[in-house]
There are 2 protein chains.
Amino acid sequence: MVVVPEGDNRERLLCPDCGFIQYQNPLIVVGAVCHWQQRILLCRRAIEPRRGYWTMPAGYLELHESTEQGAMREAWEEARAQIEIEALLAVYSVLTISQVQLVYRARLLSGDVSPGPESLEVHLFEWNALPWEQLAFPSVRWALQHYAQSRALQQFAPFVKPTGESEELE
Amino acid sequence: MVVVPEGDNRERLLCPDCGFIQYQNPLIVVGAVCHWQQRILLCRRAIEPRRGYWTMPAGYLELHESTEQGAMREAWEEARAQIEIEALLAVYSVLTISQVQLVYRARLLSGDVSPGPESLEVHLFEWNALPWEQLAFPSVRWALQHYAQSRALQQFAPFVKPTGESEELE
Ligand SMILES: [Zn+2]
Ligand SMILES: [Zn+2]
């Protein structure tokens with residue numbers, strides 16, 4: 001059931017059996033656009049949603065983990081990739097699903113990558129061969145486009161969600 | 001009780017009465033260092049923790065809210081301040097409390113500010129009169145120091161937590 005707890009000013013979920021109040025909060029997703037000799041690392045998802053489609057390594061930040069550590073962990077879990085963080089590429093507030101996505105730009109420490117349990121395969125794509133029609137989520141497209149714009153820049157403010165772009169799959 | 005759910009790889013909190021699994025996730029805090037004619041807006045906290053100490057406007061991001069919207073909302077709630085976001089000043093991963101704090105640099109649209117319900121008072125401080133010894137949290141000090149460093153910069157990467165600095169009050 002939904003209630004407004006005492007001293008609060010918004011509706012929260014309440015378990016009527018035990019009185020436990022679940023505060024629902026936005027979730028933090030961390031990921032990285034990883035490059036190696038002009039090529040970009042993508043992973044083909046082994047899990048739903050969007051199984052079979054391509055994504056950058058990304059996932060939920062864990063407790064007691066910095067955003068940079070989280071991006072490095074996800075690169076390892078999904079692509080057995082070791083990376084060096086270069087810059088905070090983008091901060092996307094995805095309102096429909098209440099996610100804040102922090103996407104880093106990172107350099108692979110070697111081209112030796114392989115699929116982790118959540119990936120069917122991983123691949124280092126030449127820029128001109130990127131699978132634009134088979135990307136898993138809109139934010140993967142935004143991140144790749146922002147990566148291209150960032151390459152000429154030394155210091156830059158993180159990109160934000162392109163205005164007018166749908167957050168949903170089209 | 002603490003369990004590892006099927007298909008998961010980490011411990012989660014489980015309610016033994018109803019089976020509800022509570023995924024504990026890092027929380028997102030949004031705030032802003034707000035300036036007006038060389039002065040900085042701070043609020044003296046009316047609530048615990050750190051009642052009576054000074055902070056920038058900041059608080060938890062709500063569902064379906066962008067990080068910029070959240071920073072603007074907090075400035076209004078705590079200081080009745082209307083602001084224009086200038087830049088993402090900093091992203092602090094505060095590991096001990098599993099918070100990711102996104103702090104913006106913002107310009108006040110007027111010097112007309114007043115305390116909201118969570119503030120005892122609000123004040124526009126000259127830089128040389130900032131209450132360094134009465135700041136509520138370490139991240140307020142970091143943000144003020146990073147604000148000073150950012151003023152000369154047009155485009156800059158967000159600052160991160162200073163290395164070697166304690167996350168706790170000293
Ligand atoms: Zn329950
Ligand atoms: Zn319960």
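Close contacts from segment B:147-170, counting a first residue that is among the basic types (Lys, Arg) and a second that is part of a loop (DSSP other than H, G, I, E, B), with Cβ to Cβ under 9 Å and a gap of 6+ residues or different chains, come to B:LYS161/A:SER66; B:LYS161/B:GLU167. Here B:VAL140 fulfils each of the conditions (1) open to solvent by less than 20 Å² (accessible area, probe 1.4 Å); (2) β-branched (Val, Ile, Thr); (3) within 14 Å of chain A (Cβ to nearest Cβ) apart from (3). The single residue among B:VAL33, B:VAL29 that is away from chain A (no Cβ under 14 Å) and away from ligand 2 (no atom under 16 Å from the Cβ) turns out to be B:VAL33.
Can you tell which of B:ALA75, B:ALA81 is more than 14 Å from every other protein chain (Cβ to nearest Cβ), among the small types (Gly, Ala, Ser) and under 15 Å from the mean Cα position of the chain (by Cα)? Explain how you work it out, then say what you get.
Working: B:ALA81 fails: under 15 Å from the mean Cα position of the chain (by Cα).
Of B:ALA75, B:ALA81, the one residue that is more than 14 Å from every other protein chain (Cβ to nearest Cβ), among the small types (Gly, Ala, Ser) and under 15 Å from the mean Cα position of the chain (by Cα) is B:ALA75.
What single numbered condition from (1) on the phi < 0 side of the Ramachandran plot; (2) away from chain A (no Cβ under 14 Å); (3) surrounded by fewer than 24 Cβ atoms within 10 Å (Cβ to Cβ) fails to hold for B:ILE47? Unmet for B:ILE47, out of (1) on the phi < 0 side of the Ramachandran plot; (2) away from chain A (no Cβ under 14 Å); (3) surrounded by fewer than 24 Cβ atoms within 10 Å (Cβ to Cβ): (2). Checking the structure you have, find out if any residue of segment A:113-127 is surrounded by 14 or more Cβ atoms within 10 Å (Cβ to Cβ), hydrophobic (A, V, I, L, M, F, W, C) and within 22 Å of B:GLN99 (Cα to Cα). No, that holds for no residue.
Would you call A:GLU74 among the charged types (D, E, K, R) and exposed (fewer than 14 other Cβ atoms within 10 Å of the Cβ)? Answer is no for this residue.
May I ask you to say which residue of B:LEU109, B:LEU63 is under 30 Å from A:LEU88 (Cα atoms) and more than 14 Å from chain A (Cβ to nearest Cβ)? Result: B:LEU109 is the single residue among B:LEU109, B:LEU63 that is under 30 Å from A:LEU88 (Cα atoms) and more than 14 Å from chain A (Cβ to nearest Cβ). Scan segment B:77-112 for residues that are at pLDDT below 95 and either open to solvent by 50 Å² or more (accessible area, probe 1.4 Å) or small (Gly, Ala, Ser) (or both) and the total you get is 3.
Residue-wise test of (1) closer than 28 Å to B:ALA71 by Cα; (2) touching a helix residue (DSSP H, G or I) at 6+ places or on another chain (Cβ under 8 Å).
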| site | (1), (2) |
| --- | --- |
| A:ILE28 | yes, yes |
| A:ILE47 | no, no |
| A:PRO57 | no, yes |
| A:GLU65 | yes, yes |
| A:TRP76 | no, no |
| A:GLU86 | yes, no |
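Against the test of being touching a strand residue (DSSP E or B) at 6+ places or on another chain (Cβ under 6 Å) and of a type in the set (Phe, Trp, Tyr), the options B:PHE137, B:PHE125, B:PHE156 yield a single qualifying residue, B:PHE125. Quick check on segment B:29-44: of everything there that is surrounded by fewer than 24 Cβ atoms within 10 Å (Cβ to Cβ) and touching a Leu at 6+ places or on another chain (Cβ under 6 Å), which residue is nearest to B:GLN149 (Cα to Cα)? Within segment B:29-44, the match that is nearest to B:GLN149 (Cα to Cα) is B:ARG39. Take the residues in segment A:160-170 that are within 19 Å of the chain's Cα centre (by Cα) and open to solvent by 40 Å² or more (accessible area, probe 1.4 Å); name whichever of them is modelled with the lowest pLDDT. Only one residue tops the list, namely A:GLU170.
The values are calculated or read from the model by the stated rules, or taken from the named source; none is laboratory data. Since we're looking at a predicted model, the values are computed, not measured. Every residue, glycine as well, gets a Cβ built from its backbone with ideal geometry; the counts of neighbours run over all protein chains shown. Remember, those area values only see protein heavy atoms, side chains included, never the ligands or the DNA or RNA. Shrake-Rupley method; radii C 1.70, N 1.55, O 1.52, S 1.80 Å.
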